[in-house]
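Q: First the structure, which I've put down as structure tokens, then a few questions once you've had a look.
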Amino acid sequence: MDFSFTKKEEEFRLELRTWLENNLPAGWLEGNRKLPEEVDEYSDFLRKWQNTLYEGGWAAIAWPKKYGGRDATLMEEIVYQQEMVRVKAPPLVNYIGLHMVAPTLMQIGTEEQKEQYINKILTGEEVWSQGYSEPNAGSDLSAIQTSAVKSGDRWIINGQKVWTSFGHLADRCFLLVRTSHQEKKHKGITVFLLDMNQPGVETKPIVQMDGEQEFNEVYLTDAVAYDTDMVGELDEGWRVMIALLMHERTGIGAQLFTLEQQFDELVALTKELRLNGQPMLKDPFIRQKMVSIYIRFRGSLLNYYRHLTKTLKDGQPGAEGSMDKLMVSELTKELFGFAMSIQGHQGVLWKEDALVNSSWQEKFLQSFGMTIGGGTSEVLRNTIGERILGLPKDLGR
Ligand SMILES: Cc1cc2nc3c(=O)[nH]c(=O)nc-3n(C[C@H](O)[C@H](O)[C@H](O)COP(=O)(O)OP(=O)(O)OC[C@H]3O[C@@H](n4cnc5c(N)ncnc54)[C@H](O)[C@@H]3O)c2cc1C
């Protein structure tokens with residue numbers, strides 16, 4: 001494949017770059033990138049940013065034009081991701097809506113669901129969460145116990161979800177529930193599009209080890225959904241669940257571009273820190289380790305390009321997204337672990353006490369979550385073994 005950019009693609013880059021210069025929040029490009037700490041202000045700030053992207057036609061460029069996207073080509077997608085990472089653009093509060101729920105609805109949803117939800121996802125008017133995991137069901141999602149029981153024209157939902165990212169900010173949840181008990185556990189599961197702004201839904205934030213609160217416990221007590229909120233067939237939600245997971249893993253692969261930038265920052269750090277009277281980067285051991293990370297990063301990037309090409313041809317992502325997700329999360333953890341270790345005993349210092357910049361410590365702590373959310377590394381290795389390499393199934397299942 002040829003990954004050099006054509007004149008048209010460079011024009012596209014310039015158009016986006018100019019738009020970003022004119023539309024990023026005030027002071028952002030100059031380095032003032034602090035997000036509001038108070039929950040409502042944080043939510044307003046990020047919803048406003050997504051709406052700005054929407055107004056400019058930059059919220060979901062890979063989507064088909066009929067849904068408000070740009071039908072972007074593979075190379076435009078790559079340029080887009082590179083430019084967003086370059087300016088360290090604010091995070092997408094509706095990441096789950098844009099990159100997971102909407103593509104799944106385009107694939108499987110009813111015309112009414114597409115009509116009702118997709119545009120509000122694009123504008124940022126409605127923020128989405130994903131309600132899969134439960135206290136006793138994570139890697140093995142077929143063990144979910146949250147139930148939906150039909151009563152008249154309603155489905156009454158009871159149970160508990162956990163680790164629900166953005167749950168405290170979300171208006172709606174892509175919810176996995178048990179609708180019947182059958183011999184095979186993955187049968188009898190159904191997906192509902194749940195309105196989170198109702199009395200039967202209670203959200204309790206969980207404090208992470210870095211002190212942030214990004215995910216939640218969600219308690220469902222006689223929460224209500226309707227037939228029109230069901231995605232796919234009754235009791236056949238497993239297929240719908242997998243379709244959304246594929247989109248989730250593919251999106252995570254795009255974080256390779258962020259990893260590239262973090263590698264450049266690591267190079268700068270090893271020039272700044274000193275060892276035996278010279279910049280650390282000159283030390284053979286340090287260089288060897290960095291080259292090892294970089295080689296695996298480049299290999300993963302090429303693999304990601306290959307997968308992106310296939311996704312654009314097939315119209316939907318394949319199992320290869322598991323490879324992207326596994327590589328980017330494991331490499332990120334390794335990169336930050338290394339950045340911490342070269343700071344010696346000062347690597348454990350935090351916030352204003354940190355030797356250079358506390359973001360190394362913060363991102364190191366966050367990197368563990370990356371290897372768990374969206375499927376753990378162990379489970380992804382099983383998927384790669386079974387679905388890509390054609391190896392026999394995991395004996396435990
Ligand atoms: C940052 C973050 C965000 C998240 N966001 C969401 C969200 O928005 N919505 C949501 O529903 N969930 C979310 N999750 C939950 C996530 O999907 C689960 O944590 C994950 O699927 C693992 O499930 P578990 O925590 O129950 O661990 P378990 O499944 O209990 O796994 C425990 C350990 O056993 C290993 N293991 C399990 N099964 C196997 C196997 N078959 N072979 C080999 N090893 C195995 C695992 O790899 C792991 O090391 C998030 C998690 C994180 C960290």
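Bear in mind these aren't lab numbers, they're just calculated from the coordinates by the rules spelled out. Nothing here was measured: the structure is a model prediction, and the numbers come from that model. Note: ideal-geometry Cβ built from the backbone for every residue, glycine included; neighbour counts use all protein chains shown.
Q: Dipole of the chain, Cα-centred, from +1 at each Lys and Arg C-beta and -1 at each Asp and Glu C-beta, to the nearest 20 debye?
A: 1320 debye
Q: Taking a point 7 angstrom from the Cα of GLU115 along the C-beta vector, which residues in region 153-194 have backbone N less than 20 Å away?
A: Once the point is set 7 Å along Cα→Cβ of GLU115, 193-194 turn out to lie under 20 Å by backbone N, inside region 153-194.
Q: Something else about it: Where does region 7-93 land on the Kirkwood hydrodynamic radius, alpha-carbon pairs, in angstrom?
A: For region 7-93, the Kirkwood estimate is 13.7 Å.
Q: Now for a separate question. Place a +1 charge on the Cβ of each Lys and Arg in region 118-175 and a -1 charge on the Cβ of each Asp and Glu, then give the dipole magnitude about the Cα centre in debye, rounded to the nearest 20.
A: 120 debye
Q: Classify region 251-291 as rounded, prolate or oblate, taking a ≥ b ≥ c as the square roots of the eigenvalues of its Cα gyration tensor: rounded when a/c is under 1.5, otherwise prolate if a/b is larger than b/c and oblate if not.
A: Prolate is the answer for region 251-291, as a/c is 1.5 or above and a/b outweighs b/c.
Q: If you don't mind, there's one more thing I want to ask. Just the Cα atoms of region 128-237, one point each, no solvent: what log10 I(q)/I(0) does Debye give at q = 0.10, 0.12, 0.19 Å⁻¹?
A: Each listed q maps to, in turn, -0.26, -0.37, -0.91.
Q: Going by how many other beta carbons lie within 10 Å of each one, how would you line up TYR294, TYR54, fewest first?
A: So the residues, fewest neighbours to most, are TYR294, TYR54.
Q: Check the straight Cα-Cα distances from LYS88 and name the aspartates and glutamates below 14 Å, setting aside those fewer than 8 residues away within the same chain.
A: List returned: GLU21, GLU30, GLU260, ASP264, GLU265.
Q: Just GLN278, GLN366, GLN213 to compare: in a GNM of the chain, with alpha carbon springs under 10 Å, which one fluctuates most?
A: Between GLN278, GLN366, GLN213, it is GLN278 that shows the largest mean-square fluctuation.
Q: Of ARG239, ARG70, how do they rank once you tally other Cβ atoms within 10 Å and put the fewest first?
A: By the 10 Å Cβ count, ascending, the order reads ARG239, ARG70.
Q: In region 184-218, which GluC sites (Glu not before Pro) are in a loop and have at most 11 other Cβ atoms within 10 Å, using DSSP for the loop call?
A: Passing both the DSSP loop test and the Cβ count: no residue.
Q: Given region 218-340 reduced to its alpha-carbon atoms as identical point scatterers, what log10 I(q)/I(0) does the Debye formula return at q = 0.17, 0.21, 0.22 Å⁻¹?
A: These q points yield log10 I(q)/I(0) values of -0.89, -1.11, -1.16.
Q: Name the residue, out of LEU266, LEU175, LEU308, whose mean-square fluctuation peaks in a Gaussian network model built on the chain with Cα pairs under 10 Å.
A: In the Gaussian network model the winner is LEU266.
Q: Using only Cα atoms, tell me the angle between helix 74-86 and the longest principal axis of the chain; keep it within 0 to 90° and round to the nearest 10.
A: With both axes taken from Cα atoms, the answer is about 60 degrees.
Q: So, one more: As a footprinting exposure proxy, order ASP235, ASP229, ASP40 by other Cβ within 10 Å, with the fewest listed first.
A: ASP40, ASP235, ASP229
Q: Something else now. Percent relative contact order of the chain, based on C-alpha pairs within less than 8 angstrom and at least six residues apart?
A: 11 percent
Q: Can you give the extra length, in nm with one decimal, that the chain gains between ARG381 and GLU125 once fully stretched, where that is 0.36 nm per residue apart less the Cα-Cα distance?
A: The ARG381-GLU125 span can extend by a further 88.5 nm.
Q: Within region 91-124, whose backbone N sits under 15 Å from a point 7 Å along Cα→Cβ of TYR42?
A: So the set is 91-95.
Q: How big is D for the chain, in µm² s⁻¹ as a whole number, if Stokes-Einstein is applied with the Kirkwood radius of its Cα pairs at 37 °C and 0.692 mPa s?
A: 145 µm²/s
Q: Turning to a different aspect of this structure: Among GLN208, GLN255, GLN82, which one shows the highest mean-square fluctuation when the chain is modelled as a Gaussian network with alpha-carbon springs under 10 Å?
A: Answer for the Gaussian network model of the chain: GLN208.
Q: In whole angstrom, note down how far apart the Cα centers of region 212-287 and region 1-77 are.
A: The distance from the Cα centre of region 212-287 to that of region 1-77 comes to 19 Å.
Q: With a point put 7 Å past each Cα toward its Cβ, work out how far THR6 is from GLN198 in nm, to one decimal.
A: Between THR6 and GLN198, the simple spin-label model gives 4.9 nm.
Q: Return the FRET efficiency for the residue pair VAL348, GLU30: r is the Cβ-Cβ distance, R0 is 35 Å, and the value is rounded to the nearest 0.05.
A: Details: r = 31 Å, r/R0 = 0.90.
For VAL348 and GLU30, the calculated efficiency is 0.65.
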